[in-house]
Every structure is written in C-alpha cells, then in structure tokens.
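Down below is the structure, laid out as structure tokens.
The values are calculated or read from the model by the stated rules, or taken from the named source; none is laboratory data. In this text the structure is predicted, and so the values were computed from the model without any measurement. Cβ coordinates were reconstructed from backbone atoms using ideal geometry, including for glycine residues, and neighbour counts include every protein chain displayed. For the accessible areas, the whole protein counts, side chains as well, though only heavy atoms, and no ligand, DNA or RNA atoms are used. Shrake-Rupley method; radii C 1.70, N 1.55, O 1.52, S 1.80 Å.
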Amino acid sequence: MSQLARRDFLNGVALTVGGTLLSPLASPGLSLDDVKRGAAPYPPALTGLRGSHDGSFEVAHALQGGTFWAMAGEPIDTGESYDLVVVGAGISGLAAAWYFRKAAGASARILILDNHDDFGGHARRNEFRVGGRTLIGYGGTFAIDSPAPYSAVARALVAELGVVVSRWQSMFERGLYARLGMAAAVFFDRETFGADRLLRVPAERGAGQTGGAAPGGREADPWAAFLAHAPLSEAARRDIGRVVTSSSDYLPGLDDGAKKARLARVSYADFLVKSAGCHPDVLPFFQARPHSLYGLGIDAVSALDAWGLGLPGFAGMKLRPTAGPGMGLDARPGPRSPFFHFPDGNATIARLLAHRLIPRAVAGCCAEDVAMARVDYARLDEPGPARLRLNSTVVRARHTSDRGEVEVSYVRSGRLERVRARSCVLACWHGMIPYLCPELPATQREALAYATKVPIVYTNVVLKSWTSFQALRVSQAHCPGSFFTTVSLDLPVRVGSYWPSRRPAEPIVVHMSRTPCKPGRPAREQHRAGRVELATTTFDAFELAVRGQLTRMLGAGGFDAARDVLALTVNRWPHGYAYQYNSLWDPFWIDGGPLPCVAARKPFGRIAIANADAAAYAYTDAAIDQAHRAVGELLPRT
Ligand SMILES: Cc1cc2nc3c(=O)[nH]c(=O)nc-3n(C[C@H](O)[C@H](O)[C@H](O)COP(=O)(O)OP(=O)(O)OC[C@H]3O[C@@H](n4cnc5c(N)ncnc54)[C@H](O)[C@@H]3O)c2cc1C
C-alpha cells in the first residue's frame, strides 16, 4: 500500500492533488441543527474510514489476543434482564429478534448488541449531503440477489417487510447510460500491462448488475478491434482472441462427469495455460474476474467455477448445464433469486427490521418511507420491549451456574457491563464465538473457527459531475491490475422521493471496490494477508489510490480530482463475506465429508447460533434462514 501511494506520488498524482485531500471529518454527518443541539453524529453520513471503523474492533482483537481479561476486571451488572439477547445487529441478528418477537409476543424483552456505531452489519448505508440534496450509496450488501432462489422463509420475510421485488423494473432506469452512448470498459494499468488505457469492451455477457465489465462476447470482429488496441503481448492477443471465440473441446475423450470432476480440481489459471494452451501472458487480463464474488483471483478459483461464472474457454466443451461435484455456490447453474436494489443496498432491509422492532427510532409507513427516513439513533436503546445497543462489543456469553439463564458481558465506552437473558442468539461472526463461549466443545470451536471471513473494500466517491465518464462513453470499468478492480457509476434507481443522478453535470456516487488478496497462496492465507493489508492501510492511502486511479482512467475525459472529488467513504471490511467452500481448498467439499458450518451452528444450552456463516453462504437469504433456524431451536425452551 505505502508503495502504491509512493508510486502515485512520484508520478505526480499526489502533487496535482496536494493540499486538497479530504479529511475524514470533511463531512462529519452533522446537520447545522445537530451541531446546535450538540447531537451525536449521524452514522450513515460519516465519511472517511467506515465499515469496520476505528473503535469497533479493538476490544475483540484484545479478546482474541488473550490480553483482554487480564485488564478487564469484573463486569458491572446493569440489573437488566431480557427474554432474548442477540449478539450482532446484522440482518441475521435483526431477523432473529423479529422472529423471536413474533413467536413470544410484542411484550417480549429483547436486547440487540453490536460493536459498530451503526446497525445492519455488512448491510451498511452511506449518505452524502451535496448541493442541497442527499445522495445515498451502499457501503456493503448491494442487493437482494442470490445465486439460488430465496427459501420460502426468506421470501416471506422480504414480503412481510413490504419489499415488492417485482417493482424493480419500474424503479430502475435501465437504459439511462446506454442512451448516452455509455458502456462497460476495461482499464489496463501501466504497472501490469505497460500502458494506461481505457478500452470499451466488445460486448457484455454475464456482467450481472454490479457493473463488473464482462469481456466475454462472441463476435470475432469487435474482439479483434479491442485486442488490437489493448496493451498486451502478441501472444496474449492471439490467445485471448482464440479462447473467447473458441469452439474447441480442451478435454476431449471425457464424458460430462469426468470433465467436471477434472475442472473442479484445477484452477482457471492452470486450465487456460495447461488445457487451453494459452501463453501465460493472458493471465493478468483474466486474473481479477472472480474478485467481486470470491475475494480471490483465477489462481484460486476452479475452472469448473469459472465455467459456471461464464468465463471464456468452455463453449466447445459441451458441458451440460448442471452442477458438478465441488462446484462453488456462486457458480452453480440454475435459477437465481429475483434482483432488487435500494440505493443503500440491503441496508434498507436492516432499517425495515429495525422499524418493526423499534418504531420509535425508525419512522415510516412503508418500505419507501423507511428507505428515506432519518433514523433517530438516540432512541434505539431507550427503554422499550426491544432495544438496540450500539458500540457494544460482546466478550462473553455463558450460562449461569444453574444453567437457567445466559449472562452476556460487553464493553461499551470502556465499561464492562453484564445483562441476563433467558435465551441468547449469537448472530455475530463465527470466528468470534470460541472467544465468547470457551465452554463450547472443542470440535465445535474448531468448526466455528473455520469460518474465516473474506476481506473486501467498498468505496463510495461523490463526484461533482460525471461528464468525464460521458466524454469517454464509459459507465463502468473492470480494472484487472489496478488497486480498485471495479469502478462504476451508481445504478440509477428511483425510490419514493429519491431520484438518481440523471444528467452528467449532476453530482453522483461512484462505487469502487478492492479485493485485497495475495495470488499464489492458498485461499484462506490470501484472505488472512488481505486482512493484514486492510489493518495497515490508512485513509490517506485509500484516498490517494482513489484520486490516482480515477485521474489515470478518466483524465482524457476531463476528470480533475481536485475539482471533481467532493467526498469519500471507504467501507473497509476485513471480515467481509462469509467463507464459502471451494473445491481447490476444502477437500470435504469435493470428496464429501461433514461441513464445518453444520457442526458450528449446533445450539448450546440456551444459546443458539445464527449468522450467514452458519450456512457458509455469503448472502442475505442465508442470514435470514439461519436466524429463523436459530430462533426455532430456542423457542420450545422459552
Ligand atoms: C461488501 C459486501 C457486499 C455484499 N453484497 C451482498 C449482496 O449484494 N447480496 C447479498 O445477499 N449478500 C451480500 N453480502 C453478504 C451479506 O451482507 C451477508 O450475507 C449478510 O448481510 C450477513 O448478515 P449477518 O447478520 O449474518 O452478518 P453481519 O452483517 O456480518 O452482521 C454480524 C454483526 O455482528 C457483529 N459482531 C461480531 N462480533 C461481535 C461481538 N463480539 N459483539 C457484538 N457484535 C459483534 C458484527 O460487527 C456485525 O455487525 C455482502 C457482504 C459484504 C461484506
């Protein structure tokens, strides 16, 4: 990271923006009225380093490092007693609270604890006040969009919350960018490819809604033109051109099952070079294609999954559209869930759950209202049947000596406090649970610890205008060698009174994502290295990277970082996606054997375990399904 910042500095980017860097306090989330009444900041409007923000993880790290209890002393008993305490205010924790309340009645006393200053977990909202209006971005969970249909349970909850997924078509201005002649591009960077070049891709295929550019079209001529302009070696041009239009069977003589079994055990990178006979120079072009789903590049994703994701090279292999053994959940063929996106992603789902549980703090009469409401954070933890306590890191959940209740201890504002509950749902990250409940059986602790998270960064940049994008006729770009691998203009979505940016001269939120990983190492080691990178990357380094990359991509279109960048929120998620099993790295996933997530989620006395980790599936529907199961395990006992 520091290398990148230095390189940008030497190349003049830092010099051109010198003195204009945004302080993380540039938009502190306070309106003038807030300042006058000495109110606390409004978390969605905080800029700078968000996601796992400073102050949210230190206690947990001390607990993991073994230093916490030596310093902590005895918890102070608050005297509070609840029917249910939920650890984790992500969608799983909020849904667990809601399911419990529906079963136990509106007077059930519920406390939800979370270590962050905002609720929703990964479903995080970013707000920006620009030129008299509010722009909204998603700082995490992007959409209702799962690679498999939602279960009846998850579908019912979404409907109960008032989200009508069939309205998506009328909310989304699908043709806005295309009408302006804009399309997807690839940005080649000089460090990886020898020259900075932004090239529109020949055709879009399988790019999904997020805007990851998908150079996978089949027309020979557009590809030839694209490759002729690409800063690639002759061998790479030849072999990319061949593989994207190929009708060869690279595993001749094998039947469908044998081909899939073989493809599941080799990386896509190895498949391209060893089976499809490509020159290794093609690899950097494809390297980052699975980043946004896997948090890994093509060195660590199987060729079978690459086929399922629509990457090129398989058209002539006559593979039947059915899953093979060990295929990743993201790549399996078959129907998907319907797509639906609020401007803040699924943070509105979290708000809708909070609205049901604590209407005094989250006002509104329908989903559109709640999506636009200003949450009154000061009221979340007021006395009432359900309470939500933020900035509270849970450090212990253990049964009382008669096993009749659970004591939950947490640190809030430096104070170690304790509450009691008849039942507890741990909807937090599974990697934390062995530290909260050391009494769990060793095999279960081991299974919980297997759920290492995938690091990822979602950055929202507010630009004064998007005329530079328009001048270059680009609405989104895949950047295989750059710091941020995707750059995309916000999806134009209209919700209630909220209108998207529709004219290039208007301000807009640009979304940039980074997947920190270390190609060549085993998957989980790559994730660990990515977490270390995120822990040591400063906001200034992220900001330099944003300004530098946008300048290099869009400078020819008139982009001027000093003039155009108005605000920046970096949502850093060192513990991001739930870990999904992978045929290259998890032998039980391809050879058969018990899944760690099944052992991990077993109930323990009055403690049940939820979170998307409990399904090893990084999607909102998993968070909901696991909440439903966990509460079901507790109910007969309450
Ligand atoms: C960047 C990103 C984008 C995503 N995009 C999508 C998408 O488009 N569609 C989709 O379906 N899914 C998406 N996902 C996955 C989706 O967000 C999750 O599956 C789902 O929201 C997880 O909810 P959860 O409640 O299980 O976990 P989380 O959202 O992680 O919530 C758990 C909460 O518990 C808290 N916690 C942990 N330890 C403690 C402790 N000791 N004390 C107190 N609190 C604690 C955590 O800080 C967190 O707030 C995305 C995930 C990420 C990271």
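Considering only residues that are out of contact with any Leu (no Cβ under 8 Å at 6 or more places or on another chain) and either away from the ligand (no atom under 16 Å from the Cβ) or part of a helix (DSSP H, G or I) (or both), look in the range 562-581 and name the one that is most open to solvent (accessible area, probe 1.4 Å).
That would be 563.
Return yes or no: is residue 354 out of contact with any Gly (no Cβ under 7 Å at 6 or more places or on another chain), within 27 Å of residue 58 (Cβ to Cβ) and of a type outside the set (Ser, Thr, Tyr)?
Judged against the criteria, residue 354 is a match.
Please verify whether residue 360 is open to solvent by less than 10 Å² (accessible area, probe 1.4 Å) and over 30 Å from residue 583 (Cα atoms), treating the condition exactly as stated.
no
Out of curiosity, is residue 99 open to solvent by 10 Å² or more (accessible area, probe 1.4 Å), within 16 Å of the ligand (Cβ to nearest atom) and within 23 Å of the chain's Cα centre (by Cα)?
no
Can you pull out the residues in the range 597-629 that are assigned to a helix (DSSP H, G or I), closer than 25 Å to residue 345 by Cα and aliphatic (A, V, I, L, M)?
Result: 612, 614, 615, 622, 623, 624, 627.
Pairs only if they're at least six apart or on different chains, beta carbon under 8 angstrom, first in the range 50-66 and free of Cβ contacts under 8 Å to residues at least 40 places away in the same chain, second surrounded by fewer than 13 Cβ atoms within 10 Å (Cβ to Cβ); list them, first residue then second.
62/71
Suppose we filter the range 109-127 for residues that are within 29 Å of residue 507 (Cα to Cα), within 6 Å of the ligand (Cβ to nearest atom) and open to solvent by 10 Å² or more (accessible area, probe 1.4 Å); how many remain?
Within the range 109-127, residues that are within 29 Å of residue 507 (Cα to Cα), within 6 Å of the ligand (Cβ to nearest atom) and open to solvent by 10 Å² or more (accessible area, probe 1.4 Å) number 2.
Here is a list: 183, 195. Which entry is touching a residue at least 24 places away in the same chain (Cβ under 8 Å) and either in contact with a helix residue (DSSP H, G or I) (Cβ under 8 Å, 6 or more places away or on another chain) or within 16 Å of the ligand (Cβ to nearest atom) (or both)?
When all the criteria are applied, what remains is 183.
Where residues in the range 605-632 are farther than 27 Å from residue 327 by Cβ and within 16 Å of the ligand (Cβ to nearest atom), which of them is farthest from the chain's Cα centre (by Cα)?
607
If a residue has to be open to solvent by 10 Å² or more (accessible area, probe 1.4 Å) and either in contact (Cβ under 8 Å) with a residue 40 or more places away in the chain or within 14 Å of the ligand (Cβ to nearest atom) (or both) to count, how many in the range 382-392 make the cut?
4
Within the range 400-407, identify whether any single residue is of a type outside the set (Lys, Arg), within 19 Å of residue 611 (Cβ to Cβ), touching a Lys or Arg at 6+ places or on another chain (Cβ under 9 Å) and near the ligand (Cβ under 10 Å from one of its atoms), and answer yes or no.
For the range 400-407, residues of a type outside the set (Lys, Arg), within 19 Å of residue 611 (Cβ to Cβ), touching a Lys or Arg at 6+ places or on another chain (Cβ under 9 Å) and near the ligand (Cβ under 10 Å from one of its atoms): absent.
So, in the range 404-434, of the ones that are assigned to a helix (DSSP H, G or I) and buried (at least 20 other Cβ atoms within 10 Å of the Cβ), which residue ends up farthest from the chain's Cα centre (by Cα)?
The qualifying residue farthest from the chain's Cα centre (by Cα) is 433.
Tell me the residue from 5, 39 that is open to solvent by 10 Å² or more (accessible area, probe 1.4 Å), at pLDDT below 95, assigned to a loop (DSSP other than H, G, I, E, B) and among the aliphatic types (A, V, I, L, M), please.
39
Checking the conditions here, which among 96, 89, 123 is under 23 Å from residue 377 (Cα atoms), touching a residue at least 12 places away in the same chain (Cβ under 8 Å) and in contact with an Asp or Glu (Cβ under 6 Å, 6 or more places away or on another chain)?
89
Consider the range 582-603. How many of its residues are within 16 Å of the ligand (Cβ to nearest atom) and open to solvent by 40 Å² or more (accessible area, probe 1.4 Å)?
1
Starting from the range 429-442, take each residue that is touching a residue at least 40 places away in the same chain (Cβ under 8 Å) and list its partners that are β-branched (Val, Ile, Thr) and more than 8 Å from the ligand (Cβ to nearest atom), counting only C-beta distances under 8 angstrom and pairs at least six apart or across chains.
Short answer, once both residue conditions are applied: 430/609; 431/452; 433/609; 437/607; 440/433.
Going by the structure shown, is residue 88 closer than 22 Å to residue 364 by Cβ and either within 16 Å of the ligand (Cβ to nearest atom) or open to solvent by 10 Å² or more (accessible area, probe 1.4 Å) (or both)?
Here the answer is no, as residue 88 does not meet what is asked.
Please tell me if residue 496 is more than 30 Å from residue 450 (Cβ to Cβ) and either in contact with a Lys or Arg (Cβ under 6 Å, 6 or more places away or on another chain) or open to solvent by 20 Å² or more (accessible area, probe 1.4 Å) (or both).
Taking the combined requirement at face value, the residue satisfies it.
Residues that are within 19 Å of residue 264 (Cβ to Cβ) and modelled with pLDDT of 95 or more: list the helices (runs of 4 or more DSSP H) wholly contained in the range 300-400 that include at least 1 such residues.
Of the helices (runs of 4 or more DSSP H) lying wholly inside the range 300-400, those with at least 1 residues that are within 19 Å of residue 264 (Cβ to Cβ) and modelled with pLDDT of 95 or more span 303-309.
Just the residues that are more than 18 Å from residue 96 (Cβ to Cβ) and polar (S, T, N, Q), please, taken from the range 106-156.
Answer for the range 106-156, where residues must be more than 18 Å from residue 96 (Cβ to Cβ) and polar (S, T, N, Q): 126, 134, 146.
Residues in the range 128-166 that are within 16 Å of the ligand (Cβ to nearest atom), in contact with a strand residue (DSSP E or B) (Cβ under 6 Å, 6 or more places away or on another chain) and open to solvent by 20 Å² or more (accessible area, probe 1.4 Å): how many?
Of the residues in the range 128-166, 1 are within 16 Å of the ligand (Cβ to nearest atom), in contact with a strand residue (DSSP E or B) (Cβ under 6 Å, 6 or more places away or on another chain) and open to solvent by 20 Å² or more (accessible area, probe 1.4 Å).
Quick one: residue 534 ticks every box in (1) surrounded by 18 or more Cβ atoms within 10 Å (Cβ to Cβ); (2) touching a Leu at 6+ places or on another chain (Cβ under 8 Å) bar one, so which box is it?
It is condition (2) that residue 534 fails.
I need a count of the residues in the range 439-455 that are of a type in the set (S, T, N, Q), in a helix (DSSP H, G or I) and within 16 Å of the ligand (Cβ to nearest atom).
Within the range 439-455, residues that are of a type in the set (S, T, N, Q), in a helix (DSSP H, G or I) and within 16 Å of the ligand (Cβ to nearest atom) number 0.
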